[in-house]
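Report on the structure given below.
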Amino acid sequence: MPVRQLLLLRHAKSSWDDPRLSDHTRPLNARGRAAAADMRAAMLGLGLAPDVVLVSSARRTLQTLEALLPFPDTPLIEPMDALYLATPPQMLAVLHNVAETVRSVLLLGHNPGLHEMARILVDGGGAPADAARLAAGYPTGALAEFAVPGPWRALGPGGARLVRFLCPRDLPRSV
C-alpha cells in the first residue's frame, strides 16, 4: 500500500481591523499575505503539491489558499463549511471520505482544532525537534507534513508520522 501525504496548514495571520466583520469573514492582513507567499515558495521548493485541497470556507483560509496557487499540478479544491473551526473528530470524518486513489491532501483550517489534530496524529516517529515544536504550538501559517501509511478511512490517533513542521518565521522571505 502506498504511503500517503497529509499536509495540515493553518491559515495565515488575519486582520482584526474591522470589528464589524464576523469571524468567518475576517481577511488576511499584510503580514499574513507575505507569510502565505513565503510558505508557497517553501512548498514548491520541497515538492509539496497536493492532489486534493480541503479548505475551510472562512475568508482567511480561502485567501491563504489563493496565495499558495498555482500548484504545479491542478488539485481538486473543495471549500467546506464543515472545516470552519472543526474539531479533530470532524476533520477525521472529512479525511475518511477522501478517495483511496488520492496520494496527497492539503487540509487548510483553524486552531485550536488543527493543532489538536496534528498532536493526535503523531505516532512518535519522525523528527524529534519538529515534534517538540509542534507540541508547543501551531502558529498562523504553519504547515505540518505527515506520512500516512494506511488508507484514509483508517486514519486515526497515532496513525501518521510527522515528516516536518514549518513555521513562516523559519522561512526566508520570498518577496
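No value in this document is a laboratory result; all are computed from the given coordinates. Because the structure is a prediction, the values reported are computed rather than measured. As a convention, Cβ positions derive from the backbone with ideal geometry for all residues, glycine included, and neighbour counts pool all protein chains shown.
What whole-number distance in Å separates the alpha-carbon centres of the stretch 20-47 and the stretch 78-102?
21
DSSP beta bridges in the chain, what fraction antiparallel, as a percent rounded to 5?
Counting DSSP beta bridges with both partners in the chain, the antiparallel share is about 40 percent.
Using the C-alpha gyration tensor of the chain, what are the square roots of 5 times its eigenvalues, in whole angstrom, with the largest one first?
The three semi-axes for the chain are 23, 18, 16 Å.
Using DSSP to call loops (not H, G, I, E or B), can you name the chymotrypsin sites (Phe, Trp or Tyr not before Pro) in the stretch 79-175 whose Cβ has at most 16 other Cβ atoms within 10 angstrom?
Details: sites: Tyr84, Phe146, Trp152, Phe165; in loops: Tyr84.
Here no loop site has a sparse enough neighbourhood.
So if each residue of separation counts as 0.36 nm, and I subtract the Cα-Cα distance between Arg169 and Ala129, what length gain in nm does that give?
Value of the extension gain: 12.8 nm.
As I understand it, the dipole of the chain uses +1 on the Cβ of Lys and Arg and -1 on the Cβ of Asp and Glu, about the Cα centre. Which of Met91, Leu6, Leu162 lies farthest toward its positive end?
Leu162
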